[in-house]
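The values are calculated or read from the model by the stated rules, or taken from the named source; none is laboratory data. As the structure is a prediction and not an experimental result, all values here were calculated from the model. Please note: Cβ atoms are built from the backbone with ideal geometry, for glycine as well, and neighbour counts cover all protein chains shown.
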Amino acid sequence: MKKTKIVATIGPATESEEMLTKMLKAGMNVMRLNFSHGDFAEHQNRVNNLRSAMKKTGMSAAILQDLSGPKIRLGDFYQERVELKSGDKIIITTEKVVGDEKKVSINYKEFPKEVKPGDKVMVDDGKKQFEVLSIKGNEVTCKIIVGGNTKGRRGVNLPDTDISMSCLTEKDLKDVEFGIKNKVDFIALSFVRKPSDIVELREILKKKKCNAGIIAKIETPQAVKNIDEIISLVDGLMIARGDLAIEVPYQKVPSYQKMMIQKCNDAGKPVITATQMMESMIKSPVATRAEVSDVANAILDGTDAVMLSEETTLGEFPINAVTVMATVAAEIEANYPEREIVRVGVNGDTKLSDSITSSVVKTAHDVGAKVIVALTDSGFTARMVSRHKPQATVLALTSHESTSNKLSLSFGCKAVTVPRYDSIQDVIKMVRAYCLKEKLVKKGDKVVVTGGVPFNTKGLSTNMLMVEVI
């Protein structure tokens, strides 16, 4: 069984109950709904079909709602395409004008106030590049550094500019209401730049009594700069390498990926590595060697999850894409089964839990335990064990279904919702029955149990370690 989790984006190619059943069986752990596309009716159908597939198969998966976030775009041109020549000047204005080779509008009203001479303006996923020369009123004069044939309404990235616009648009707020109503497990916030972006969404969820986890999508240089504070506030991270490679020099992305994965491992927060992981499989039944290596190296870096986008929304071989990813993950995990525990940093606020959970992983290795049982209310204990990437399966027992679902994103975690337990005898009885039934162990095998005692005490640190023979 693979331990790395697979996030699959669901679209027209995979939204039926039949296809979602196949996706679950192939290895999908999290269904991603991309709210940049589709309407409420389409997404509702996908939620309903997944839950029906889970009920029929007895398998579980989390639902991740990915908000579209703010999109800065150029306006329309006088014809479908215009030729922008490198070296020419072009004026970008906040006035609504019909664009041409000399002047075009932009939908961000604060643009002239926030850019400065020398700032880069990246258009159409960075395929076209301008440089700000001067600002006068609501007009910004730019030099075309990289031109070419250009359509209207192309996206704009401003990597050098400290943008003031909120991460949450009016559309996002309506989409969040949908997510709350449908009890999604995670909400991914796009174009995060600063800690206050997270606080804004957290306050909205708190008022609605919604405990969905917040995933920060890291795709701006400002987010990279504020990464420590952002990680402290969120429930997980998505390394959105596509937009990030437009906003920062592309050669920096691999180093940033490794850095962010390490920081998430240190903090015990799940991290998703995303974008173009198996892109050739949109049209091909097999992955390229480079794609296989990309997935493998993300796993070796310590990622909790790898993600599929167009491969599973519109691709011709969505089941293949999940299967290939799962196969690569299982192979890497088998050949590199142990991670260096000392790589994980110690946070002073959770020093006791850090110490116990690292000892749990070492003990499991030393005694040859195949299962580590993490007793958890919030999922914290299971995540603190998971971050060490143990060879043993992390069996998380919780009385909260929402906690069980969220652990679908954490490496090596198999979460089970159980009745509340009052004694260690109750726990051992449940563990024996479940592990034997699911063939996780056989009689005579050892399991390591960890959690906080006394049981059912809110806010208690992880303080227990015991070894049990099945």
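At a glance:
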read-out	value
All positions within the range 270-314 that are free of Cβ contacts under 8 Å to residues at least 60 places away in the same chain, closer than 23 Å to residue 187 by Cα and of a type in the set (Val, Ile, Thr)	271, 273, 275
Breaking point among (1) surrounded by 19 or more Cβ atoms within 10 Å (Cβ to Cβ); (2) under 23 Å from residue 46 (Cα atoms); (3) hydrophobic (A, V, I, L, M, F, W, C); (4) touching a residue at least 40 places away in the same chain (Cβ under 8 Å), for residue 317	(4)
Residue, farthest from the chain's Cα centre (by Cα), within the range 43-54, restricted to residues that are farther than 17 Å from residue 309 by Cα and not hydrophobic (A, V, I, L, M, F, W, C)	52
Check on residue 116, charged (D, E, K, R) and within 30 Å of residue 38 (Cβ to Cβ)	no
Verdict on residue 223 being crowded, with 22+ Cβ neighbours inside 10 Å and either outside the structural domain of residue 43 (by TED's automatic domain parsing) or assigned to a loop (DSSP other than H, G, I, E, B) (or both)	no
The range 398-436, residues that are out of contact with any strand residue (DSSP E or B) (no Cβ under 7 Å at 6 or more places or on another chain) and among the aromatic types (Phe, Trp, Tyr)	421
From the options 23, 54, 1, residue that is touching a helix residue (DSSP H, G or I) at 6+ places or on another chain (Cβ under 9 Å) and modelled with pLDDT under 95	1
Matching entry among 131, 95 (being of a type in the set (D, E, K, R), in a strand (DSSP E or B) and not assigned by TED's automatic domain parsing to the domain that holds residue 243)	131
Condition check for residue 201: within 22 Å of the chain's Cα centre (by Cα), without any contact (Cβ under 8 Å) to a residue 60 or more places away in the chain, buried (at least 21 other Cβ atoms within 10 Å of the Cβ) and under 26 Å from residue 269 (Cβ atoms)	yes
Every pair of residues 6+ apart whose Cβ atoms lie under 8 Å, when the first sits in the range 237-259 and is within 20 Å of residue 155 (Cβ to Cβ) while the second is crowded, with 21+ Cβ neighbours inside 10 Å and of a type in the set (Phe, Trp, Tyr)	243/191
Residue in the range 151-167 that is part of a helix (DSSP H, G or I), crowded, with 20+ Cβ neighbours inside 10 Å and out of contact with any His (no Cβ under 8 Å at 6 or more places or on another chain) present	no
Those residues of the range 1-28 which are part of a loop (DSSP other than H, G, I, E, B), closer than 15 Å to residue 320 by Cα and free of Cβ contacts under 8 Å to residues at least 60 places away in the same chain, in sequence order	none
Flag if residue 51 is more than 28 Å from residue 128 (Cβ to Cβ), crowded, with 19+ Cβ neighbours inside 10 Å and of a type outside the set (S, T, N, Q)	no
Selection count, the range 309-324, where residues are assigned to a helix (DSSP H, G or I) and more than 17 Å from residue 66 (Cβ to Cβ)	7
Lone unmet requirement of (1) within 22 Å of the chain's Cα centre (by Cα); (2) over 25 Å from residue 243 (Cβ atoms); (3) assigned to a strand (DSSP E or B) for residue 31	(2)
Test for residue 299: is it over 23 Å from residue 65 (Cβ atoms), under 15 Å from the mean Cα position of the chain (by Cα) and in the same structural domain as residue 63 (by TED's automatic domain parsing)	yes
Test: residue in the range 42-63 that is assigned to a loop (DSSP other than H, G, I, E, B), free of Cβ contacts under 8 Å to residues at least 40 places away in the same chain and farther than 30 Å from residue 149 by Cβ	yes
Boolean, residue 27 is touching a strand residue (DSSP E or B) at 6+ places or on another chain (Cβ under 8 Å), on the phi > 0 side of the Ramachandran plot, surrounded by 14 or more Cβ atoms within 10 Å (Cβ to Cβ) and not aliphatic (A, V, I, L, M)	yes
Residues of the range 177-198 classified as surrounded by 15 or more Cβ atoms within 10 Å (Cβ to Cβ) and part of a helix (DSSP H, G or I), total	6
Number of positions in the range 389-402 that are free of Cβ contacts under 8 Å to residues at least 60 places away in the same chain and under 21 Å from residue 356 (Cα atoms)	8
Residue list for the range 226-253, filter: surrounded by 19 or more Cβ atoms within 10 Å (Cβ to Cβ), at pLDDT 95 or above and of a type in the set (D, E, K, R)	235, 241
Evaluation of residue 444 against (1) at positive phi; (2) buried (at least 20 other Cβ atoms within 10 Å of the Cβ); (3) of a type in the set (Gly, Ala, Ser); (4) out of contact with any Leu (no Cβ under 6 Å at 6 or more places or on another chain) (one fails), failing number	(2)
Residue tally, condition closer than 22 Å to residue 21 by Cα and in contact with a Ser or Thr (Cβ under 9 Å, 6 or more places away or on another chain), over the range 283-313	10
